[in-house]
1. Using Cα pairs under 8 angstrom and six or more residues apart, how large is the relative contact order of segment B:216-298, in percent?
2. State the answer as a single residue: which of B:Ile253, B:Leu283, B:Gly219 lies farthest towards the positive end of the charge dipole of segment B:216-298, with beta carbon charges of +1 for Lys and Arg and -1 for Asp and Glu, about the Cα centre.
3. For the protein assembly as shown, max minus min Cα coordinate along each principal axis, in Å, sorted largest first?
4. What residues have an amide H closer than 5 Å to that of B:Ser223, excluding those fewer than 5 places away on the same chain, when H is modeled at 1.01 Å from N in the peptide plane?
5. Can you give the FRET efficiency for A:Thr62 and A:Ser392, using 1/(1 + (r/R0)^6), R0 = 45 Å, r = Cβ-Cβ distance, to the nearest 0.05?
6. Tell me which GluC sites (Glu not before Pro) from segment B:299-406 have a DSSP coil assignment and no more than 14 other beta carbons within 10 Å of their own.
7. Would you mind computing, in nm to one decimal, how far apart the modelled labels at B:Asp396 and B:Gln18 are, each placed 7 Å from Cα along Cα→Cβ?
8. Run the dipole for chain B about the Cα centre, Lys and Arg Cβ at +1, Asp and Glu Cβ at -1, nothing else charged, and hand back the magnitude in debye, nearest 20.
Amino acid sequence: MTERTLSGRAAVAGIGATEFSKESGRSELQLAAEACLAAIRDAGLTPSDVDGLVTFSADVNTEIAVARETGMGELRFFSRVEYGGGAACGTVAHAAMAVATGQAEAVVCYRAFNERSGHRFGQANASTRGATAQGLEFSWHLPYGLATPAAWVAMSARRYMHAYGATSEDFGRVAVAMRRHAATNPAAWFYERPISLAEHQESRWIVDPLHLLDCCQESDGGVALLVTTAERARDLPHRPAVISAAAQGTGREQYMMFGYYGDDDLTTLPAMGVVADRLWRDSGLGPQDVQTAILYDHFTPFVLYQLEELGFCGRGEARHFLADGGIEIDGRLPVNPHGGQLGEAYIHGMNGIAEAVRQIRGTAANQVPDVTNVLVTAGTGVPTSGLVLSGS
Amino acid sequence: MHEELTALAARLAALGEQPAPEPPDAVNEAMIRNWRQAMGDTRDWGDAAPPAMAQVWSMPGLVPSKGASAADDVLRVLNGDGFTGVVATNCEHVYDRPVRLGERLRATARFGSVVGPKRTAMGLGYFVTWYQSWYVGEERVAEMLFRVLKFQPVKRRPKGKPPLPAVGLDTEFFWDGARSGELRIQRCGECGELRHPPGPMCPACNSTKRDHLVARGRGTVYSYVVHHHPPVPGRTPPYVVALVELEEGPRIIGNVLGVDPSEVSVGMAVELDFERIDDEVTLPQWRPAGRPAPAPAPPPERVSDWPALELPLTPTFIISTALATRDFTPVHHDVALARAQGSADIFLNILTTMGLVQRYVLEHNPEADLAGMRVRLGAPAYAGDTLVLTGTREGDTVTVRGTVALGDHVNATVALR
């Protein structure tokens, strides 16, 4: 290997998903198997062509169970990525490294759960779960009733509002944009159900300063992505979404959603900064070179943080950047044309990667014109990951 | 119920002194020796009995006596109306004269009063007071006041306790501190770097030598949220969770208590408070600076005219003193039963608390005799804890304070003569 880079060596050649619902009526393993099979077929391959699997540490479907159900046969590569939704783009990064180094030929990345009808992440964490590193982290927060992801984000959001004069309406404009996009995406849960800023403001408090409509929905469903080498992808049916850059990152003093200590001032996402640096460096691109961005939107405030962290605007300026429809489909940077997790579905960020692939292919429900490069990010407030996907 | 209770109390009080079951034994050397050994009492009493033993002479032992206490009817009415909780709050002795070996005591009981309903920390309750007196012939030699709070146990929190912190080797110093009224912040034993949350290795210099400082307990709200939804065990919404920046630098999460959520703001000054969740867990908490504490403050520094008496409360100590005072109530010797009744462990009985206060006072005032003791009872003194007695004397009055990990176990005023 002459050049130590992953850039351009691998591509996403197939995408697959189940329907997105509030109650799938099927086991999580069935959702995973269905999504994986759909991604394999979308790539023009068969299960026996797949020799690697990557998923989230949080996923309950083991690689061997998924391989058994789909008839993949033997696996030669499997790995898992930690830290909740921060894993999403990391699964593709692991798969890309595997195919680029010859450890595997075709790797499927998947995430499937009944997150609405089964275990809901949005409910209060009622136990610290023992004196493990994570249990001890929880122990500084849960006993005080700081027990939900919405609350953990809200703590940062309040400080951001204080520091930059951002308002609840600024957060609301993110929700309005996402629901506008979902309204014209037939796959979205909130298809044909846009909201107004007034509706956002009138929605009930979840954790002040976050309203209900600042929080993404909870969904049942599965999404899978097939990753292979860029060369092979060019021989498969769809225009490859070439991985120009893939990155994982943590901040200097990283916690799981509790970036409240040390040098953190609650107005930045240091892990995303680490990811951004690498994405722009490895792809040789910058914010001006992407036509659309898929930004992880479990809660609206962190979309503002990400616009700043990724260099689309300066610190504290995101509220101006997204004013007047700035992140809507016809704005200066269309963000989440599928409607994001606020509008389409919450599949832990994997549905956003699928959307990025569709934007490259030119097959999205809300297609942005002339897409060459798409930026994708994963879960925020946790160790995270990102991708730049390109059409050539 | 209140009218019924008031009428009953009036009837009982009008009865005045009534004969109580006769003390089974004359004042005798064996019981005194047994009692003194259990208490660690070293005074030479000659042919007198230690005055704190007054009630011991009337204790029935393992076989309950047939006679009823003066307050039994009142307690029954209260139990029937949901005031099922009971906690002893006061025990007061008056010693008219020492009793001597061989004397046979006669006992009487007298109803005192029922006062309430009062809102207390335990819940809505009535204070019930009654008396016991001891005579030799017609001469009264001692009297005891006993007061309990009968309360309606409050449903403390609508949905159980908040999640309890997991405690590990690297964090137990913090929770130990909180339980004893200190907010402890880890300090590197090498470079002095302060750090919260704490951990095993200093990120600045990699030392594993650890130390802590006790925070002064002042800070400002760096950020905060008001939780509304979903329901969280042990918390009633809307409630405030704040990230507090301490004067010392580090930040820490806590609730801001005793404040309307709309009054909280970034930059607001707050002061340390504590919220006791159970015997194991106390949470450092916050309230607006300059407002009186709604909850009892952590114990201030002890002051004492004499060296503190530190008594490790071993199971043997708790059980042997209970039996030496002829108190066979199972919560003083049966761990499983004590726990089943909601206690953390077996605990010291009141007759022993009285004996220990007497011992401490007389050890440091050997020339004095006791005229009486008034004791206010507080937190239980559980096995495994340490009871620390301190005291001060002014004229013929000695004030004794006994603390355990949970706070004050006893505050006593002792009259000398």
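1. This gives 28 percent for segment B:216-298.
2. Of B:Ile253, B:Leu283, B:Gly219, it is B:Gly219.
3. 114, 59, 54
4. Excluding prolines and chain starts, which carry no amide H, the hits are B:Leu243.
5. Details: r = 37 Å, r/R0 = 0.81.
Rounded to the nearest 0.05, the efficiency is 0.80.
6. B:Glu301, B:Glu367
7. In this crude spin-label approximation the distance works out to 3.5 nm.
8. 880 debye
Readers should treat all values here as calculations from the given coordinates under stated rules, not as data from a laboratory. The structure presented is a predicted model; accordingly, all values stated were derived computationally and were not measured. Glycine also receives a Cβ, built like all others from the backbone with ideal geometry; neighbour counts cover every protein chain displayed.
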